[in-house]
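Only the coordinates and a few stated rules stand behind these numbers; no lab work does. None of the values given here were measured: they were computed from a predicted structure. With ideal geometry, Cβ positions are generated from the backbone for all residues, glycine too; neighbour counts draw on all protein chains shown.
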Ligand code: GDP
């Protein structure tokens, strides 16, 4: 290897080491958007909309993102907010924020190195948090827990620790501990240093919190009973061995816990510090060949999200790629692993809301939007040099099914194109049913909101009004040609072909129906 190649490999390793790429997992209303803004307040936003439009103020950046959500009525952006904090580059990947689960949200979690689980102090673990956490667990993503809204009445801190341990089996290891119950928040004790930081909302609350370190003696005098309670709780935590263990955190068996209130920026600086100090930087990624691609290898990345027609000013398709190894340079010609064809990246951009910023270079952990990327699909690998291929992204079993039709025969071509587009982006899975025919494809989704997105976009972007009829199915399982023949003789089951990969899916109204049929045919292949 030449000197310069060696030097640049070292440069890549350093750059990768500076990256923290994460997503927030939470239930709607727990405060994810508020937290995003609160984080951005501390940081120098790098690829931001404000810079492009000369808006200067960071608040404008975040609200651009949200304005777009409002305008579309749903959260459709899934860009990464990139900012620098201390000497670290932080990539916060947006998970769609609506009250629904979609494959989209799950896929974002394939592109992060850690997650922040944001809990509302008054609600604890809520359904969507649990679902998202389950994905983190399966993928062994280290999780940091932030107990939010401590400025308002809520559960008892120890009870919340218990809930985390009992319900999801993750050992909570608080790094900070609140002085004052939820609703009477005075500040936190750093369990590792013992230092108490008094926290106060800045006047108006729109700025960084006012923080002041205090000695234990001063705090004890000032906060009396609240201080004593916190001290007792700390003793209890110590006795139960709830101390941070970096190996357990990285193995996703324990979770560091922090307390705060995003709305007043309380505890947010502490969260950023923990991300920098403890959250993992990008590491070598497993490939289908069974080897690990080191971060300082030649360039590689994979597409985890496709988005078309992000706004009217730019009618095109953007593929979001997470960089896994090497240095990315705009204009670089990379190889598309699926087809072996070259792909030119001259339109590589950092995307943030509606604004775009041309990006010149990026490193492992960063997200790059590739514009006009119609040749790329979800899960596709791109690389330079020696071939690399990352495993396909997990596809989640759909639980909602509906037939979609248009009565406008003159719009049929657009209808077809629209359906193909939504399938390609992974908004819905499209199934072909022999008995229903080509004019009536079946849409399958993980969450029902995906249907709303699909019909809205067919109308808004393709000018096709459609009718959607929900089908009484809730469970899908993979089968094969022999299975299809067997199932033809059974009632309350249908076999359809998934257009994306020609997989045969058997759909059932309930799990018990699937079990009954499976019990009758021991040779039947059914993979749920
Ligand atoms: P998201 O749905 O998770 O993005 O939640 P939002 O960030 O939109 O917050 C939902 C509501 O909770 C909003 O009214 C916020 O102002 C409020 N909220 C968020 N964080 C806090 C907090 O720390 N304390 C209090 N009191 N309210 C908060």
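When a footprinting reagent is the concern and you count Cβ atoms within 10 Å, what order do 196, 22 take, fewest first?
Lowest to highest Cβ neighbour count: 22, 196.
Could you state the principal axis extents of the C-alpha atoms in region 454-506, from the largest down, to the nearest angstrom?
The Cα atoms of region 454-506 stretch 41, 24, 15 Å along the principal axes, largest first.
Region 487-526: Rg/Rh from Cα coordinates, Kirkwood Rh?
Here the Rg-to-Rh quotient is 0.98.
Please report, in whole Å, how far the alpha carbons of region 400-520 spread along each principal axis, starting with the longest.
Projected onto the principal axes, the Cα atoms of region 400-520 cover 47, 24, 23 Å.
Under 1.5 on a/c is rounded, so check that first for region 157-196, then, if it is not, pick prolate when a/b is larger than b/c and oblate when it is not; a ≥ b ≥ c are the square roots of the alpha carbon gyration tensor eigenvalues. Walk me through the intermediate numbers first.
Values: a/c = 4.82, a/b = 1.51, b/c = 3.19.
It is oblate, given that a/c is not under 1.5 and a/b is not larger than b/c.
Averaging over every viewing direction, what projected area does the convex hull of the Cα atoms of the chain cover, in nm²?
Averaging across all directions leaves 27.4 nm² for the Cα convex hull.
Once you have the Cα-Cα distance between residue 432 and residue 277, take 0.36 nm times their residue separation minus that, and quote the gain in nm to one decimal.
Answer, rounded to one decimal: 50.8 nm.
Each label point is 7 Å from the Cα along the Cα-to-Cβ direction; what then is the distance between the points at residue 344 and residue 210, in nm?
Inter-label distance under the simple model: 5.8 nm.
For region 184-276, with equal point scatterers placed on the C-alpha atoms only and solvent neglected, what are the log10 I(q)/I(0) values from the Debye formula at q = 0.12, 0.20 1/Å, to two decimals?
Evaluating at q = 0.12, 0.20 Å⁻¹ gives log10 I(q)/I(0) of -0.43, -1.09.
Go through 142-148, 272-278 and give me the packing order, highest mean Cβ count within 10 Å leading.
Result, highest mean Cβ count within 10 Å first: 142-148, 272-278.
Distance in nm between label sites at residue 10 and residue 236, each 7 Å beyond Cα in the beta-carbon direction?
About 5.2 nm separates the two model spin labels.
Take peptides 111-118, 479-486 and line them up by average Cβ neighbours within 10 Å, highest first, as a rough protection proxy.
Final packing ranking: 111-118, 479-486.
Can you give the calculated 222 nm mean residue ellipticity of the chain, where each DSSP H run of n ≥ 4 adds -39,500 (n - 2.57) and the sum is split over every residue, rounded to the nearest 500 deg cm²/dmol?
-9500 deg cm²/dmol
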